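*Asks:* Sending over a structure as structure tokens; questions will come in a sec.
The values are calculated or read from the model by the stated rules, or taken from the named source; none is laboratory data. These numbers come from a predicted model, not from an experiment. Neighbour counts run over all protein chains shown; Cβ positions are idealised from the backbone, glycine included.
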Amino acid sequence: MIRFENVTKVYEQNARPALDSVSLEINRGEFTFLVGASGSGKSTFLRLILKEDKASSGSVYVAGQNVANISSWRVPKLRRGIGVVFQDFRLLPQKNVFANVAFAMQVIGKSRSIIRETVPEVLKTVGLEGKERRMPHELSGGEQQRVAIARAVVNRPGILLADEPTGNLDPITSMGIMGVLDKINQNGTTVVMATHDDDIVNEMRRRVVELKNGKVIRDEAKALYTSMIPVVGESRRLRDASGEELNRAQGAQL
Amino acid sequence: MRLLFILGEIGSGLRRNLSMVISVVLVTFVSLTFVGAAGMLQMQINQMKGYWYDKVQVAVFLCNDGSTAVGCASGPATKEQQANLQAMLESPAVKQYINDFQFESQAEAYTHFKEQFSNSPIVDSVSEDQLPASFRINMKNPEKYQIISETFSSQPGVETVSDQRQVLERIFSWMNGASVAAMGVAVVMIFCAVLLITTTIRLSAFSRRRETGIMRLVGASKTVIQLPFILEGVIAAVVGAVLASVTLWLMAHFWLNGDLSTQFLNTPFISSTQVLVIAPVLIALGAGLAGISSLLTLRRYLKV
Ligand SMILES: Nc1ncnc2c1ncn2[C@@H]1O[C@H](COP(=O)(O)OP(=O)(O)O)[C@@H](O)[C@H]1O
Ligand SMILES: [Mg+2]
């Protein structure tokens, strides 16, 4: 479903690459965690799938198609096949729940009757039945993220990308969101979720791809947040810290 | 559905940016009014040229009682002098340059004068012998005026030779200058309008970056994303153009064909219907400018 072949992404000429010859295949229907410290290249990975950015070298294939060969006027078609959710929800504050989800259908020209039929179904899937008329500010963070997920999947994309969707949520709410994502995955959607929330990863036991400084340093099925092979002296705090801090700390150990 | 959606977006965009939209309307209104005024002046010049050029002639004015010119030292032109001039006009040397000529006596001059200024008090203060008799010459080629002037101005009994075309040319060049000036103002104003449209669209795109960001992510087409912004600018500019057209029409209707036409009876003013020819040009110009500047702005400031 998603294939990276030797993908390197360099934003600024002299900086280290955000992604460094990454090769990876994610199959249809898979649930994959993308873990790693902040700045390790997770968001860049997701952006390349959406063709929001162009790989500096290597190829990105989505549904068998090299995204580099998709002309700009067909990029919208690519994106219709991919749902995205973010840490900051990105809801439209002046639209209610129903309208926020319907918006994703309106802008691609879906008919009013199909919208009226589909939106309540999707809201039910994410557990927001009966909250159609609420405004975003009348919802909890978890509920807002559910609206965002509903919007991302309302057009039935084959792929759902989630960039730290639980980053702003407390652990219990986060688990609720994971339940929703899991359900969507069960329905056949390929899910790629970038996160550095170790509890969630450990709880879910799914494929884990770990990035560090833009390189894939681990790719394990049914894995935990940290490798089973223990790294001597690495504390929980350092795992959550930025890459640089980690490097400095590791340097200090030597 | 998509059309309704786009219309809704335009509506909300216009409402959200109301003060900017109003300024775009006003600036395009003023700038296009100047463009239209320049156009109207040109139309007026053409109209007057068409009307006058067949009619205007070189006039050889004969001396009358009040003449002060050197050639009139011996008093009003005599019958012999007049006959002499007529003979000259009929001589082959002069005839080759003219189509025909007419003699306008003082009595006829007075009649024409009364017609021209029928509703002006000046008529009462002028008497028949104050007006000069004249030969009205219709030139084959008005450019050859100089030859006629040289031949006749030194003849006894001739007060002056006047090329009415020159008088008109002076008026036309004045009108032309005014039209160029109006165009100059228009260019500056259009520049302002373009800058303002650009800023408005940029602000509008910025204030709706959330929506457009989401639209992009869910795969809305470039058209659906950009069209509301472009139409927002175009609609504002078209409203300005319509206001400008209405203003010009009102000017033509109530000023040119109202006040001015009663003051200058002999002047053929352009009609208010003729002004309507300018309206589509102004609307197209406004829409085109707004469309292009919006499109270019979006290309820079709205990622799709
Ligand atoms: N638009 C950008 N311009 C320049 N550098 C960027 C840009 N986006 C990300 N980067 C850099 O690329 C690296 C990876 O960033 P990112 O993919 O956002 O990591 P993550 O999502 O894992 O925190 C970082 O060093 C970041 O500074
Ligand atoms: Mg990130």
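*Asks:* Residue check, residue A:81 against (1) surrounded by fewer than 19 Cβ atoms within 10 Å (Cβ to Cβ); (2) more than 12 Å from every other protein chain (Cβ to nearest Cβ); (3) under 22 Å from the mean Cα position of the chain (by Cα), all met but one. Which one?
*Replies:* Among (1) surrounded by fewer than 19 Cβ atoms within 10 Å (Cβ to Cβ); (2) more than 12 Å from every other protein chain (Cβ to nearest Cβ); (3) under 22 Å from the mean Cα position of the chain (by Cα), residue A:81 violates only (2).
*Asks:* Can you spot a residue in region A:4-26 that is under 28 Å from residue A:150 (Cβ atoms) and either within 16 Å of ligand 2 (Cβ to nearest atom) or in a loop (DSSP other than H, G, I, E, B) (or both)? Before the answer, list the steps.
*Replies:* Here is the first cut: in region A:4-26, the residues under 28 Å from residue A:150 (Cβ atoms) are A:26.
So of that shortlist, the ones also either within 16 Å of ligand 2 (Cβ to nearest atom) or in a loop (DSSP other than H, G, I, E, B) (or both) come out as none.
No.
*Asks:* Can you run down the residue pairs with Cβ atoms below 6 Å, 6 or more apart or on separate chains, where the first is in region A:29-44 and within 14 Å of another protein chain (Cβ to nearest Cβ) and the partner is within 8 Å of ligand 1 (Cβ to nearest atom)?
*Replies:* A:43/A:163
*Asks:* What's the number of the only condition in (1) within 16 Å of ligand 2 (Cβ to nearest atom); (2) within 14 Å of chain B (Cβ to nearest Cβ) that residue A:154 fails to meet?
*Replies:* For residue A:154, the exception is condition (1).
*Asks:* Please pick out the residue among B:272, B:294 that is among the small types (Gly, Ala, Ser) and either at pLDDT below 90 or out of contact with any helix residue (DSSP H, G or I) (no Cβ under 8 Å at 6 or more places or on another chain) (or both).
*Replies:* On the way: B:294 fails: either at pLDDT below 90 or out of contact with any helix residue (DSSP H, G or I) (no Cβ under 8 Å at 6 or more places or on another chain) (or both).
From the options B:272, B:294, the qualifying one is B:272.
*Asks:* Next question. Does any residue in region A:165-186 that is under 14 Å from residue A:144 (Cα atoms) come within less than 6 Å, Cβ to Cβ, of a residue that is small (Gly, Ala, Ser) six or more places away or on a different chain, and which pairs are these?
*Replies:* A:166/A:174; A:168/A:141; A:169/A:141; A:169/A:142; A:173/A:142; A:176/A:142
*Asks:* Suppose we filter B:74, B:31, B:23 for residues that are at negative phi and either at pLDDT below 80 or more than 38 Å from the chain's Cα centre (by Cα) (or both); which single one remains? Break it down stepwise before answering.
*Replies:* On the way: B:31 fails: either at pLDDT below 80 or more than 38 Å from the chain's Cα centre (by Cα) (or both); B:23 fails: either at pLDDT below 80 or more than 38 Å from the chain's Cα centre (by Cα) (or both).
Just a single option satisfies the conditions, and that option is B:74.
*Asks:* Related question: Go through (1) within 15 Å of ligand 1 (Cβ to nearest atom); (2) under 24 Å from residue A:184 (Cα atoms); (3) within 14 Å of chain B (Cβ to nearest Cβ); (4) in contact (Cβ under 8 Å) with a residue 40 or more places away in the chain for residue A:47 and report which single condition fails.
*Replies:* Failed condition: (4).
*Asks:* I'd like the full set of residues that are within 16 Å of ligand 2 (Cβ to nearest atom) and either in a helix (DSSP H, G or I) or out of contact with any Lys or Arg (no Cβ under 7 Å at 6 or more places or on another chain) (or both), limited to region A:45-89.
*Replies:* Taking region A:45-89 first, the residues within 16 Å of ligand 2 (Cβ to nearest atom) are A:45-50, A:52-53, A:84-89.
If the condition is that a residue be within 16 Å of ligand 2 (Cβ to nearest atom) and either in a helix (DSSP H, G or I) or out of contact with any Lys or Arg (no Cβ under 7 Å at 6 or more places or on another chain) (or both), then A:45, A:46, A:47, A:48, A:49, A:52, A:84, A:85, A:86, A:87, A:88, A:89 are the ones that fit.
*Asks:* Suppose the filter is among the basic types (Lys, Arg), more than 14 Å from every other protein chain (Cβ to nearest Cβ) and within 16 Å of ligand 1 (Cβ to nearest atom); does residue A:54 pass it?
*Replies:* On the way: among the basic types (Lys, Arg): yes; more than 14 Å from every other protein chain (Cβ to nearest Cβ): no; within 16 Å of ligand 1 (Cβ to nearest atom): yes.
So residue A:54 fails the test.
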